[in-house]
């Protein structure tokens with residue numbers, strides 16, 4: 001593993017009211033196994049094929065916010081990134097916090113309300129693997145205020161913004177050093193009005209339809225899809241505790257790649 005460049009997605013985690021139930025669900029859906037909770041932080045890492053792929057933990061007492069997976073972007077200096085977030089109109093939700101010798105983190109919100117994390121690696125460098133079944137595959141900043149997101153994230157992380165030429169959706173690509181690292185999707189009126197903006201974290205699966213059957217069997221919900229695309233067959237779902245995410249079979253593709261300008 002190598003430390004990710006500034007602005008690259010590097011980790012994802014979620015906190016649950018019922019942590020043990022979450023382990024059962026994601027263990028079956030994504031084939032995850034879990035290590036013992038950290039004695040100091042109560043945090044548990046999930047593994048797929050021996051590689052660490054995500055983190056889970058118990059929800060903080062009194063938490064009233066939405067259930068969501070948090071995507072972390074890499075930073076060489078979390079304090080300096082915190083300053084940039086404030087300068088660009090974002091909001092810090094936590095202080096810059098050392099997490100033992102694992103690294104340094106903070107949680108923040110863009111001017112449109114999208115919550116995300118920052119991770120400055122110490123001994124914990126982030127995803128042990130990506131793009132394989134059971135691991136992180138992709139992320140989309142899903143927001144009603146596309147203009148604010150397109151100004152904020154490139155200013156903080158140095159992204160080049162490209163446009164996916166598709167009349168059906170307002171979609172941008174955020175590139176870093178020539179590589180596309182995330183997408184930005186403008187929420188349409190089809191999204192429930194009570195749904196806050198969020199980062200949609202995609203996990204790769206062997207078979208999208210089998211994954212959806214597992215989601216519904218456990219009491220989760222399918223919100224969109226399955227949908228075939230040139231990037232894979234995917235669906236937006238939530239787990240039985242209401243945590244939103246997406247699943248994608250990267251090997252089942254259909255159609256031509258859209259143009260990017």
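Quick one: divide the alpha-carbon radius of gyration of segment 9-121 by 2.2 N^0.38 Å and tell me what you get.
Scaled against compact globular proteins, the figure is 1.10.
Arrange the following residues from fewest to most other Cβ atoms within 10 Å of their Cβ: 174, 47.
47, 174
Need one word for segment 141-189: rounded, prolate or oblate. Basis is the Cα gyration tensor (sqrt eigenvalues a ≥ b ≥ c); a/c below 1.5 gives rounded, then a/b vs b/c decides.
Oblate is the answer for segment 141-189, as a/c is 1.5 or above yet b/c matches or exceeds a/b.
Could you state the number of Å between the C-alpha centres of segment 153-192 and segment 230-261?
15
Output the antiparallel fraction of DSSP beta bridges having both residues in the chain, as a percent to the nearest 5.
DSSP beta bridges in the chain are roughly 75 percent antiparallel.
How big is the Cα convex hull of segment 59-178 in projection, averaged over all directions, in nm²?
Average of the hull's projected areas for segment 59-178 equals 9.2 nm².
Looking at the P(r) of the chain, how many percent of alpha-carbon pairs lie beyond 30 Å?
23
Can you pull the Rg over Rh of segment 109-261, Cα-only, Kirkwood?
With Rh from the inverse mean 1/r over Cα pairs, Rg/Rh is 0.95.
Determine, for 135, 229, the number of other Cβ atoms within 10 Å of each Cβ, and report the residues in order from fewest to most.
Ordered from fewest to most neighbouring Cβ atoms within 10 Å, 135, 229 come out as 229, 135.
Return the equivalent ellipsoid semi-axes of segment 196-238 as a descending list in whole Å, where each equals the square root of 5 times an eigenvalue of the C-alpha gyration tensor.
The answer is 16, 15, 9 Å, longest axis first.
Would you work out the relative contact order for the chain, in percent, from Cα pairs under 8 angstrom that are 6 or more residues apart?
18
By the gyration tensor of its Cα atoms, with a ≥ b ≥ c the square roots of the eigenvalues, what is the shape of segment 69-125: rounded for a/c under 1.5, prolate for a/b over b/c, or oblate?
Values: a/c = 2.24, a/b = 1.68, b/c = 1.33.
Taking the square roots of the gyration eigenvalues as a ≥ b ≥ c, segment 69-125 is prolate.
For a Förster distance of 30 Å, can you work out the FRET efficiency between the beta-carbons of residue 20 and residue 165, rounded to the nearest 0.05?
For residue 20 and residue 165, the calculated efficiency is 0.05.
What does the helix-only formula give at 222 nm for the chain: each DSSP H stretch with n ≥ 4 adding -39500 (n - 2.57), the total divided by the residues, and the result rounded to the nearest 500 deg cm²/dmol?
-5000 deg cm²/dmol, from helical runs alone.
Cα gyration tensor of segment 169-218, axes a ≥ b ≥ c as square roots of the eigenvalues: rounded (a/c below 1.5), prolate (a/b > b/c) or oblate?
Oblate, since a/c reaches 1.5 and b/c is not below a/b.
Order these by the 10 Å Cβ neighbour count, fewest first: 231, 16.
231, 16
With a cut-off of 16 Å, note down the residues of segment 132-151 whose backbone N falls inside the zone around a label point 7 Å from the Cα of residue 218 toward its beta carbon.
Counting only backbone N, you get 133-136.
Only the coordinates and a few stated rules stand behind these numbers; no lab work does. Values in this document were obtained by computation on a predicted structure and should not be read as measured data. Counting neighbours? That spans all protein chains shown, and the Cβs are built from the backbone with ideal geometry, glycine included.
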